[in-house]
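The values are calculated or read from the model by the stated rules, or taken from the named source; none is laboratory data. Keep in mind that what you see is a predicted model, and the values were worked out from it rather than measured. Please note: Cβ atoms are built from the backbone with ideal geometry, for glycine as well, and neighbour counts cover all protein chains shown. The area values use the complete protein model at the heavy-atom level, side chains included, leaving out ligands, DNA and RNA. Shrake-Rupley method; radii C 1.70, N 1.55, O 1.52, S 1.80 Å.
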Amino acid sequence: TLQFVIDAFASKDTVKKQSNIDLRFNSILIRRGNFRYDVKNAATTPGKFNAKHIDIRNISAKISMKAFNKDSLNANIKKMSFDEASGFSLNKLSLNIVANKDSAIINNFEIKLPETDLKIDRAHIHTDLLDHSPVELNIAPSQICLKDLSAFVPAFRNFSETIELSAEASGYINNIGLKRLTLKYSDKMLFVGKMEMKGITHPEDAYIFGQVNKMYITTEG
């Protein structure tokens, strides 16, 4: 009875006939779920996330999917949380996404980690132009603690204080402008201004241009 799910994620070479997926779920509830994936001959990395050894516990989710087919996606993640063996914990993920072949609109995106609360009120991304895809997003006043991401970058374990962030971003994938950018790290650093990032999909050509309206940094910072 789950063959349509298997075919949806299987390699095209393994599916005899292309399936016209057209799914709709009013409500999906997951409580106290577990998921584990292991590549047996791959080395383990205790304390660091490893895509070849995934061990997710305490999965809780409430999802509504109004449309999922080859042309469009309309889904609402009301709440999702889990713990991963590397030490990464997702306290809350919520968003609404409406997408088609050309663009995706994400509203009310929020992700909460133990000391992090990142909110993006709205993001609009055009996916049909690759490097020149238009992007618009508004980062509401948020708090980011790099220590929460130490499962991916171990050096972040030393950053236990939160960074306050807010900005408006617009432009293209390879030419993004951050307007009204505010970065505050405790009482150690403050940056208010704007920034332009170019060529981020081609690191060898990338550069950042910034305009500083106000900035200070302490010796300790």
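Roughly speaking, what is the centre-to-centre gap between the range 171-194 and the range 47-100 when only Cα atoms are used, to the nearest Å?
So the two Cα centres are separated by 28 Å.
Which residue, GLU110, GLU136, GLU161, tops the fluctuation ranking in a GNM of the chain built on C-alpha contacts under 10 Å?
Maximum among the listed residues: GLU161.
For the chain, with a Gaussian network of springs between Cα atoms less than 10 Å apart, report the residue from THR182, THR201, THR116 with the top mean-square fluctuation.
The residue with the greatest mean-square fluctuation here is THR201.
Calculate, for ASP83 and ASN107, the FRET efficiency according to 1/(1 + (r/R0)^6) with r their C-beta to C-beta distance and R0 41 Å; round to the nearest 0.05. Please report the intermediate quantities before stating the final value.
Working: r = 27 Å, r/R0 = 0.66.
For ASP83 and ASN107, the calculated efficiency is 0.95.
Rounded to the nearest whole Å², what accessible area per residue is found for the chain with the 1.4 Å probe? Walk me through the numbers before you get to the answer.
On the way: 14840 Å² over 221 residues.
Ligands and nucleic acids excluded, the figure is 67 Å² per residue.
Of the listed values (1) 174; (2) 194; (3) 116, identify the label whose number matches volume of the Cα convex hull per residue in Å³ calculated from this model.
Correct label, based on the coordinates given: (1).
Of the listed pairs LYS40/LYS79; LYS79/LYS147; LYS78/LYS112; LYS66/LYS119; LYS119/LYS179, which have alpha-carbon separations greater than 21 Å here?
Violating the 21 Å Cα-Cα cut-off are LYS40/LYS79; LYS79/LYS147; LYS66/LYS119.
So for each of 212-218, 80-86 I average, over its residues, the number of other beta carbons within 10 Å; can you give me the resulting order with the highest mean first?
The peptides rank, most packed first, as 80-86, 212-218.
GNM, the chain, Cα, under 10 Å: largest mean-square fluctuation among VAL192, VAL135, VAL153?
VAL153
Rounded, prolate or oblate: which fits the range 162-219, taking a ≥ b ≥ c as square roots of the Cα gyration tensor eigenvalues, rounded meaning a/c under 1.5, else prolate when a/b beats b/c?
prolate
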